[in-house]
Amino acid sequence: MRLAVGVSGGADSVALLCELARRGKELGLVLHAAHLHHGLRGEEADGDLAFCRELAARLGIEFHEARADVAAETRANPESGKTGETIEEAARRVRYSWFRTLLSKTPLHAMATAHTLDDQAETVLAKLLRGAWTEGLGGISPAVEFPEGRILRPLLGTSRAEIESYLKGIGQSWREDSTNRELTFTRNRIRHELLPLLEGWNPRLRKHLAQMAELARDEEAWWETEVARLAPQVILTGRPVRGGGRAAAGGLAIDLSRFAGLARAAQRRLLRHAADQLGAALDFDSTEALRDLALIGRSGQRCEVEGLRAERTAREMRLDAGPAPPGADPAEYTIPIPGEVLASGFGLLVSVQVEPGAQPPASGATLRNWRPGDRVRLRHSSGPRKVKEVLERLRVSGSERSVWPVVEIGGRIAWMKGADVEPEPGIEIRVETASAGA
C-alpha cells in the first residue's frame, strides 16, 4: 500500500511517521511524507518545513511539499465562496484540498493524518458547546472517502501524552507551534482551559468523549438507514386531489396518521430530513415547534421556522420553503452551448463556451434562481455544499437572497454568483453585468 503521511513537524505527526517507517516492511507500506507550508508564522513555519524535509530524508521517505497563502483565503472577497472563514477553517480546507491533489496526481492509495484521542475529545466538546445534533457529536471520523482516495486517522485511540512519551523513548525531537498556546483560538481555550477544568471532575473525560464520538457515529449510520426506510411512508410530495392521488406541487407534506405512531426520535429525524430536502436546517426549538403543530395543532394553523412555512390540515402538515419576495423574477433562461444570453431579469450577460478539444454537453445550460435543496461544489471544497449555507457565508439576506442566480448544466450547478465554483470540465462560463441599455 502506498501511503502518504501528512506531517506538520508536531509531536503527533512525527510519531506517526516514525512508527510507520519502523513497521513499513511488516505492514507492506511504501511511505511518503507530505508537508504544506500555510504561509503563516514566518520563520517558525520555515523551520517546520526544513525539519520535516530533513526527517523524511533521514528515514529514506519520499517527501512532498507545497506552499499556500491561507491568510489571503480568509480575506473578504465578493467573488469567492469562502468569505467569513476563520484562519483555522481556511487552513483545514486548503490542506485537505492539497491532500486530494496529491492523491490524484501521485501513485498513492491513501493519506494518513495524526489526529489523536485528545483531538477527538476537543472536537466533540466544541460541537457540544455549539449545540450540535448527534451527527455533530460523531466528531472526527477514523476514515474519510474522497473520489481521489481515502484519508485515514490511525491515532484516534492514542493520547497526546502517550505520543510524547513514545518520542522521548526513541530520542526523537519534534516542533512546537507557538500559536497552539494562543487563547484567542476557540480550540486552544478548550484544550488549555476548559478540558483541564472538567477533568477535575472526571479524569477520564477525554476517553469518555472519544467513546461518545464512536457511539454517535454508529448511531448515525443506523439512523441513516432507518430514515431512508421511513421517509417514503411518511413524507409525501405534491398535494392531495379529490378522488385520491396527488397532484404535482412544490413543497412536501407529512402524513400525520403515520407520523403520530412513530417514536419521538424518529419524528425529529423525519422532520429534519424533510427540512433538509427543502434547503432548511432545523435547530431543536424549530423541530419541536413543527412536532407540536403536527401532533396537537388544529386544521388551518400555521407557523414559520428557519425559512420554512408549515400549515396543518386535517390529515397532513404541509412544508414549503419561505415565500419569494414581491416582484421576484422567477424566469429561467436557456443558454445554448456554445452561446450566450442577455438575462434582463438578473441584469446579467452570460456566455457559456466549450474549450478547444472538449466535447460539449448534450443539453444546454440554464440560468435560474437558486432553489431550496440545491448543492454546489466549491473549488478546493471537500464535497458539495448546500447553496443555502454558501449564501449564509456570503452574508446574503433579505429579498436579494431569494433571487440569487445560478447556472445549471446537466443537473449540476456550474456557476453561482459570488462563489468560486469548481469548474465544469471543458466548459468556460463568463458572466458580466449587463448595461442598462443592453
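Okay, here's what the table says:
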read-out	value
Pair list, Cβ under 7 Å, 6 or more apart: region 18-34 residue farther than 12 Å from GLY60 by Cα, other residue among the hydroxyl-bearing types (Ser, Thr, Tyr) and modelled with pLDDT of 95 or more	none
Any hit, region 135-155, residues being in contact with an Asp or Glu (Cβ under 7 Å, 6 or more places away or on another chain) and surrounded by fewer than 16 Cβ atoms within 10 Å (Cβ to Cβ)	yes
Among the residues listed as ALA280, ALA265, the single one being exposed (fewer than 15 other Cβ atoms within 10 Å of the Cβ), under 22 Å from GLU226 (Cβ atoms) and either out of contact with any helix residue (DSSP H, G or I) (no Cβ under 6 Å at 6 or more places or on another chain) or among the basic types (Lys, Arg) (or both)	ALA265
Enumeration of residues in region 50-65 that are more than 20 Å from HIS38 (Cα to Cα), touching a strand residue (DSSP E or B) at 6+ places or on another chain (Cβ under 6 Å) and in contact (Cβ under 8 Å) with a residue 40 or more places away in the chain	ILE61
Counted residues, region 92-117 - those being at pLDDT 95 or above, touching a Ser or Thr at 6+ places or on another chain (Cβ under 8 Å) and of a type outside the set (A, V, I, L, M, F, W, C)	2
In region 145-161, residue nearest to the chain's Cα centre (by Cα) [restricted to those that are outside any loop (DSSP other than H, G, I, E, B) and under 17 Å from GLY9 (Cα atoms)]	ARG160
Residue ranges of strands (runs of 3 or more DSSP E) in region 1-72 with at least 1 members surrounded by fewer than 18 Cβ atoms within 10 Å (Cβ to Cβ), under 28 Å from the mean Cα position of the chain (by Cα) and acidic (Asp, Glu)	62-67
Qualifying position, being closer than 27 Å to LYS417 by Cβ, among the small types (Gly, Ala, Ser) and in the same structural domain as PRO147 (by TED's automatic domain parsing), among ALA71, ALA45	ALA71
Hey, LEU128 assigned to a helix (DSSP H, G or I) and surrounded by 15 or more Cβ atoms within 10 Å (Cβ to Cβ) or not	no
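A quick yes/no check of all residues on (1) outside any loop (DSSP other than H, G, I, E, B); (2) surrounded by 17 or more Cβ atoms within 10 Å (Cβ to Cβ); (3) aliphatic (A, V, I, L, M):
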{"residue": "ARG187", "(1), (2), (3)": "yes, no, no"}
{"residue": "ARG206", "(1), (2), (3)": "yes, yes, no"}
{"residue": "GLN211", "(1), (2), (3)": "yes, no, no"}
{"residue": "ALA228", "(1), (2), (3)": "yes, no, yes"}
{"residue": "ALA231", "(1), (2), (3)": "yes, no, yes"}
{"residue": "LEU270", "(1), (2), (3)": "yes, yes, yes"}
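The values are calculated or read from the model by the stated rules, or taken from the named source; none is laboratory data. All values reported here derive from a predicted model rather than from experimental measurement. Here the Cβ is made from the backbone with ideal geometry for all residues, glycine too, and neighbour counts use every protein chain on show.
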